[in-house]
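Take a look at the structure below.
None of the figures in this text is laboratory data; all of them are computed from the coordinates on show. What you see is a predicted model, and the numbers here were worked out from it, not measured in a lab. With ideal geometry, Cβ positions are generated from the backbone for all residues, glycine too; neighbour counts draw on all protein chains shown.
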Amino acid sequence: MSEQLTNRLKERRGELGLTQAELAERCGVSRKTVNTVENGVFVPSTLLALKLAVALERRVEELFWIEN
C-alpha cells in the first residue's frame, strides 16, 4: 500500500493572493521549500506544516491529507 501526502497549498495561497515567495517569508523558509511542498516533492515537518496552516489561515487537516 502506497500512501502519499497531498495538499491544497497552491489553491489556498491563490485564494489569498500570495506568491510562493510571500508565503515562504511568512513561514521563514525559502520559496523553493514552498514550491517543493506544494508539488509533493518534499513532505514538510510538523513544524512547517503548522506554520503553513497559520500563514494560510486554515487548520492543518484542511491543507494536508493522506491519499492511498
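Of the residues in the range 1-53, how many are small (Gly, Ala, Ser) and over 16 Å from residue 65 (Cα atoms)? Reasoning before the result, please.
First pass over the range 1-53, keeping only residues small (Gly, Ala, Ser): 2, 14, 17, 21, 24, 28, 30, 40, 45, 49, 53.
Subsequent filtering for residues that are over 16 Å from residue 65 (Cα atoms) retains 14, 17, 21, 24, 28, 30.
Residues flagged as small (Gly, Ala, Ser) and over 16 Å from residue 65 (Cα atoms) within the range 1-53 amount to 6.
Residues that are surrounded by 15 or more Cβ atoms within 10 Å (Cβ to Cβ) and free of Cβ contacts under 8 Å to residues at least 40 places away in the same chain: list the helices (runs of 4 or more DSSP H) wholly contained in the range 3-68 that include at least 2 such residues. I'd like the intermediate steps shown before the answer.
Working: elements: 9-15, 20-27, 31-38, 46-55, 60-63.
Hits in the range 3-68: 20-27, 31-38, 46-55.
Residue 37 - would you say it is within 9 Å of the chain's Cα centre (by Cα), within 18 Å of residue 6 (Cα to Cα) and among the β-branched types (Val, Ile, Thr)? Before you say what the answer is, go through the steps one by one.
Working: within 9 Å of the chain's Cα centre (by Cα): yes; within 18 Å of residue 6 (Cα to Cα): yes; among the β-branched types (Val, Ile, Thr): yes.
It is true that residue 37 is within 9 Å of the chain's Cα centre (by Cα), within 18 Å of residue 6 (Cα to Cα) and among the β-branched types (Val, Ile, Thr).
Among the residues of the range 25-68, how many are touching a strand residue (DSSP E or B) at 6+ places or on another chain (Cβ under 9 Å) and polar (S, T, N, Q)? Even if it seems obvious, please write down each step before you answer.
Our first condition is that a residue be touching a strand residue (DSSP E or B) at 6+ places or on another chain (Cβ under 9 Å); within the range 25-68, this holds for 37-38, 40, 43-44, 49, 52-53, 63-68.
Among the residues that remain, those that are also polar (S, T, N, Q) are: 68.
Of the residues in that region, 1 qualify.
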